[in-house]
Amino acid sequence: MASNLGRYKDDLNRLVHLGETLWSALQATTLDDLNDVELQLLGFDKRTELKSITGEMIFMAKYQGWYTEASAVVRQLIPDRIHEFEQLYKGDGRRKEIDALTFTIQDWLNGARATKNSSTGKKRFDDVASVFMRLCNQTQILGSARGRFESTLFDIRQMVQADLFDSELDSASELLERGFLRGAGAIAGVVLEKHLAQVASNHDVKTRKKDPTISDFNDLLKNGNVLDVPMWRQVQRLSDIRNLCDHNKDREPTKDEVKELIKGVEKISKTLF
């Protein structure tokens, strides 16, 4: 099984290459201007389907997904750059006029375009160039995160812990298949509790309790604006299933409930940092 560290490196390289491909798409008149590797990264295989699709259309369709994933990586690996990364998308909210320096990617995606000079009929500034410049800067910030994997300052403890969690969840899945529902749920619950403790540490969210539970961490992270309400509810649901597995006085957990717990913990451990 490949290590999480290796997978993270591969995912980061893929994101950087996709960002660079979005550069090319933004400048392309049609997607026939892109090479086969670029088309594959964008999710296209047959050139015959691309005649009526412009690069701008693809940029508008693909950018938001890239931004969501890339910003999560920046926030995790180089949190001191996340504010700059987000500003390149949406600006700082203090502009007095829209020009080449204040026009944002969000403006472009919302359909705004540079106005034209009434006398010359030409755009007052090159809006495409402004978007391109901001996207280039974002991709370069994302690319700079690569150094964190090689730096001796990089905290590999979380990567080792993630590998351990994967192994424990594999064990839980094996127990589930063999019919040991409570044991499988108990293991998954321990993984969830440990992961939430690490997330709390990452965000400097502290508790005064000596032995905080999943619910304790869940409430702390929600109050600290680390979790939104839907995620908080999901964690609470998983906590309820875990408690069902741990306490014999309650009814027996079902196989579907324990499977939901394992899959839920796996997802949270990969997406919440």
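The values are calculated or read from the model by the stated rules, or taken from the named source; none is laboratory data. Quick caveat: nothing in here was measured; it's all calculated off a predicted structure. For neighbour counting, all protein chains shown are included, and Cβ atoms are generated from backbone atoms with ideal geometry for every residue, glycine included.
Scan segment 85-96 for residues that are at pLDDT below 90 and part of a helix (DSSP H, G or I) and the total you get is 0.
Taking each residue of segment 213-229 that is farther than 12 Å from V199 by Cβ and looking for partners that are exposed (fewer than 14 other Cβ atoms within 10 Å of the Cβ) and of a type in the set (K, R) with beta-carbon atoms closer than 8 Å, six or more apart or interchain, yields D216/K209. Suppose the filter is assigned to a helix (DSSP H, G or I) and either at pLDDT below 85 or among the aliphatic types (A, V, I, L, M) (or both); does L169 pass it? Yes, satisfied. Within segment 53-78, residues that are over 14 Å from L22 (Cβ atoms) have Cβ atoms under 7 Å from residues that are small (G, A, S) in these pairs: V73/A145; V74/A145; L77/A145; I78/S144; I78/A145, counting only partners at least 6 apart in sequence or on another chain.
Looking only at residues in segment 102-131 that are assigned to a loop (DSSP other than H, G, I, E, B) and touching a residue at least 24 places away in the same chain (Cβ under 8 Å), the one that is farthest from Q64 (Cα to Cα) is R124.
Residue count for segment 221-236 under the criterion of being exposed (fewer than 11 other Cβ atoms within 10 Å of the Cβ) and either aliphatic (A, V, I, L, M) or modelled with pLDDT of 95 or more (or both): the result is 1. Checked against the criterion of being free of Cβ contacts under 8 Å to residues at least 24 places away in the same chain and under 19 Å from the mean Cα position of the chain (by Cα), segment 251-263 has at least one qualifying residue. Using the structure shown, decide if I82 is at pLDDT 90 or above and hydrophobic (A, V, I, L, M, F, W, C). So I82 passes the test.
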